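Derivation of every value follows stated rules applied to the coordinates shown; laboratory data play no part. It should be emphasised that the depicted structure is a prediction, and the values quoted were computed from it without experimental measurement. Cβ placement follows ideal geometry from the backbone for every residue including glycine, while neighbour counts extend to all protein chains displayed.
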Amino acid sequence: MRLAFDRACAAFVLALAAASASAAPAFTVTVDPRFELLAVVRQLSGEGPADPGAAAYRARIEERFGAFRGHPAVALYRELAADPSREEAAATIPLYLTDPPELALKDPDADVHYLNGPGEAEEMQRFVAELRGLARASAFMDFFRSERAFHAGLEESARRKLGAVDPVAAIEDYLGMSLAARSHYVIMPQRAATHAFIVPYPLPPANMGARSFEVYTMSPDIDAEGFARIVWPEPLFVFIDPAFHYFETLNIPDPAGFYGPALARCRLASPDCVKHHAATALIARLNRKAGIAPVPAEELASASSPDGRLVKALTERLEEYEARRDLYPTLWHFLPRWFSVFEERAFPGRRPRKLFVPAEPMISSAADFFDPAVSARLLREAAR
């Protein structure tokens, strides 16, 4: 049984290496007209700080669109921006739409995130209709095309900062499996909050049958700390969300008895609490392997705080994974050793429980977690 498993792992790793060598880079860097239309509305609404580096561009926007400051799209955006969750919905809704001025829903059956509360879908439909009206009345796409040289310079600058790093390939190499994803870095010339999202969102049991994922990160630029804050995080969650979901289902029926009371309370408020620690550790190792300077301490938890010590322990345990890829061909196989860090730190001196992931089914892609047959087998293992 073990020999067959080892051979399957080796065959998978060789196949993945061959595919990675021949595949085109699975990421893009662009200025996107959908988000630039939103940026125009944001500027007209007076929301967000001005970027001194984009003063000339802001002046051109003002000259072209200043007369539309009273447009309903601007007033509605100002209302949305007053509430973080509604602003998040407005900032990500363009992902589901075609380019201006049509702004049509690309998939009528899409499960649009952030729009499940009372009246939220209707409010966002009204906002999109107003954006559509503004784009047509102002001939927005004529302006966008006229700025192509400026946008191309921004895109080229961001690509230079990426250097030779193919972010998706680097993450796949580290995980030992395909993400089945394309990652899109949307450069926003004006200063704005960085937003990120994945379509469809990779958190089981939703979106069963999904075979690929589109990862979007919308940010003003890929700056000096851009790998840690912009490049790595969102693609990592294509793996983290489904893998952690099934690992906890298989191994952690009592979060407080595993993570300890404090982290369990944080996890109850937001499952991303645990995931953030793991993602931060992965980012540190990815930075190191890519030859990128470590993230400044102030960007993460303080090294002397409980969170900082936990991240440090998770990061150090990943060194064992890197040294024993013969034993752990994928990070999924290493999760029992990696997750044990949480229990060791929460309950020092206590004999840690035995954690496991099943040898079968073989997980060779993040999309495998969304295969109904694979999901059923994992859940059967959890029920034993």
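Just so you know, the Rg over Rh for the stretch 32-145 is 0.95, from Cα atoms, with Rh as the Kirkwood radius.
When both bridge partners sit in the chain, DSSP labels roughly 35% of those beta bridges antiparallel. Using 0.36 nm per residue and subtracting the Cα-Cα separation, the extra length available between Arg69 and Arg148 on full extension is 26.0 nm. For the listed residue pairs Lys161/Lys289; Lys289/Lys312; Lys106/Lys289; Lys106/Lys161, the alpha carbons are over 28 angstrom apart in Lys106/Lys289; Lys106/Lys161.
Take the Cα of Asp99, step 7 Å toward its Cβ, do the same at Glu62, and the gap between the two points is 2.9 nm. Under 22 Å of direct C-alpha separation, and excluding same-chain neighbours fewer than eight residues apart, Lys354 reaches these lysines: Lys275.
Based on DSSP H runs of at least 4 residues, each adding -39500 (n - 2.57), what is the mean residue ellipticity at 222 nm of the chain after dividing by all its residues, to the nearest 500 deg cm²/dmol?
Mean residue ellipticity, 222 nm, calculated: -17500 deg cm²/dmol.
Percent of Cα-Cα pairs more than 42 Å apart in the chain, please. Roughly 17 percent, once rounded to a whole number. Residue by residue, the stretch 329-337 carries 3J(HN,Hα) couplings of x, 9, 5, 4, 5, 8, 4, x, 5 Hz when phi is fed to the Karplus relation 6.51 cos²θ - 1.76 cosθ + 1.60 (θ = phi - 60°); x denotes Gly or Pro.
For the stretch 32-145, the relative contact order is 33 percent, taking Cα pairs closer than 8 Å that sit 6 or more residues apart in sequence and dividing their mean separation by the residue count.
Computed across the stretch 130-271, the Kirkwood radius stands at 18.0 Å (inverse of mean 1/r, all Cα pairs). Under the criterion of Cα pairs below 8 Å and six or more residues apart, the relative contact order for the chain equals 18 percent.
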